[in-house]
Amino acid sequence: EQPASTVRAIAQTTLRGVHARVNDGLVSMPFPQPGTPMGQLLRTLTADVIQAYARAMKKTIIRRKYINEPGFKRDFDRLKLPQDTVAPLPPAPELGKVQIPAHSYEDNRAIIAARHLSAHKSVLDSFVWLSTTWEKVLQSRFMLLPDAGAALDRIKERKRVWKSPLSPTVEEEDIDESISPLVNGGDTRPGALPFTLPCILEDFAEAQAEHCQKLGDKLTSEWRRAFVEQVVDNVQDTFDFYQSDEERYEGGDLKKLLRHFELRQKQQLRDILSLSVSDWVSFVERFCQKGEATEGRSTPPLFQASLNIAFDVQDAMNSSGRMSRFGVPKVKLSPTPEDLEVALLARIMEPVDIVRTLRTCDSDLMSLIKLPERTLLNVKRDDELCQDVDNTIDRASDDVKDLLEQALEAPLALCDQYNDYAWVAAADPTLHVKQFAKNVGKEAQKALD
């Protein structure tokens, strides 16, 4: 129960305002007099509004005391009162409607249609060309990647011929040439890689770098340079590209148009760079244990690898007290984990370097005004406008490192097992046999004695 000291009567001005608002909802008529049927209806409706208002105020007071006063909250919960009174308010809707005041819609539409940049057919043709050309470019990636549906498993498509190292030749009839897709050592299946797996790391890196550079050249010539020529051909009769007054250019519609083209080109570069990086992570993941192994358990490895014995040269003091150099055998993985990491991460950073070479078009179009050359997408250079792309690249690099570390766990563990017995490789067989014979001779002499 609310204390009497906190109860206040509703002011007369508030009551008159309630009466007026209630009367607005009735049929248009003079304000009803007391004692009449309309007056009684107005009194009843006003009482309902006042009651609803009082109930709302009580709920507000209870909610406020429930949130701010622990004692009140404890008593409220102990009495098991209805929780709907103190339940959290529903969140505000994300979408809503706002009544637009009456205005001259047709006139405003005509003004926008006349002044908007896309109202000119020549400008609209340039937009269409940029979009159509980009649809073709977007089908490519900065990396050589198989289609998501392209199988990497060859066991179901080609007969495996296992032979002994001593066997000099393989019977041709053992291989089903009708389903063998290999030509010149490459994979000619639609959507597949242009080389067989497993492949040599150096050949893989070289092919990927060449493909990345070709796409970069394509973006430079068939996308950016061709777009500059397209804009000049289409828009030179509508806008003046030979302005020499920089202030006039800064305040004119031509700069707005070029800025609009620039924003579209930036977004297109964002798309192809982000999609390329994401697809590269998915490609690496296909060869890791936790990846989506859609090819089956017989999926070939990505790279050819081997365990090699190397001798680390070290300096040590011999029995005569002199420093001498000797080799310590150690089993190492080839290619090394460092080489693998560099090769995989290069597929992410090389596209970044290529994207940063692409400049805006305004400096080429405005030949009589000396405009600074600006990078279209200034990624990995602490540019706040490219922070989202930078975060995508950083996450992709971390994912590739984690996947590589996971894939190398078993090979490195095998190296450690071999290294436990690598000292055998440093032993001299001749000295070992002589020492063995000497020890056997001593044991035999002891037995005879």
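Checking every residue in the stretch 223-230 against the condition of being open to solvent by less than 40 Å² (accessible area, probe 1.4 Å), among the aromatic types (Phe, Trp, Tyr) and in a helix (DSSP H, G or I) gives at least one match. Pairing each residue of the stretch 401-421 that is touching a residue at least 24 places away in the same chain (Cβ under 8 Å) with any residue that is open to solvent by 90 Å² or more (accessible area, probe 1.4 Å) and not charged (D, E, K, R), provided the two are 6+ apart or on different chains, yields C-beta distances under 7 Å for Gln406/Gln289. Just to be sure, is Leu117 modelled with pLDDT of 85 or more and either exposed (fewer than 15 other Cβ atoms within 10 Å of the Cβ) or under 36 Å from the mean Cα position of the chain (by Cα) (or both)? Criteria not met by Leu117. Of all residues in the stretch 95-118, those satisfying the criterion of being over 24 Å from Thr238 (Cα atoms) and among the hydroxyl-bearing types (Ser, Thr, Tyr) are Ser104, Tyr105. Of all residue pairs spaced 6 or more apart or on separate chains, none has beta-carbon atoms under 6 Å together with a first member in the stretch 382-396 that is without any contact (Cβ under 8 Å) to a residue 40 or more places away in the chain and over 12 Å from Leu273 (Cα atoms) and a second member that is among the small types (Gly, Ala, Ser) and part of a helix (DSSP H, G or I). Kindly evaluate Asp364 against the criterion of being open to solvent by 40 Å² or more (accessible area, probe 1.4 Å), at pLDDT 95 or above and in a helix (DSSP H, G or I). Considered against the rule, which asks whether it is open to solvent by 40 Å² or more (accessible area, probe 1.4 Å), at pLDDT 95 or above and in a helix (DSSP H, G or I), Asp364 comes out as no. With the condition kept exactly as written, say whether any residue in the stretch 27-36 is of a type outside the set (A, V, I, L, M), surrounded by 13 or more Cβ atoms within 10 Å (Cβ to Cβ) and either under 57 Å from the mean Cα position of the chain (by Cα) or modelled with pLDDT under 75 (or both). Within the stretch 27-36 (the criterion being of a type outside the set (A, V, I, L, M), surrounded by 13 or more Cβ atoms within 10 Å (Cβ to Cβ) and either under 57 Å from the mean Cα position of the chain (by Cα) or modelled with pLDDT under 75 (or both)), the answer is yes, since at least one residue qualifies. Can you go through Lys80, Lys58 and tell me which one is open to solvent by 100 Å² or more (accessible area, probe 1.4 Å), touching a residue at least 24 places away in the same chain (Cβ under 8 Å), of a type outside the set (Asp, Glu) and over 30 Å from Gly252 (Cβ atoms)? None of the others qualify; the one that does is Lys58. Surrounded by 12 or more Cβ atoms within 10 Å (Cβ to Cβ), over 30 Å from Asp362 (Cβ atoms) and either modelled with pLDDT under 90 or over 27 Å from the mean Cα position of the chain (by Cα) (or both): does that describe Asp203? Yes: the conditions hold for Asp203.
The values are calculated or read from the model by the stated rules, or taken from the named source; none is laboratory data. All of these numbers come straight from a predicted model, not from anything done at the bench. With ideal geometry, Cβ positions are generated from the backbone for all residues, glycine too; neighbour counts draw on all protein chains shown. Quick note on the areas: whole protein, heavy atoms, side chains included, nothing else; ligands and nucleic acids left out. Shrake-Rupley method; radii C 1.70, N 1.55, O 1.52, S 1.80 Å.
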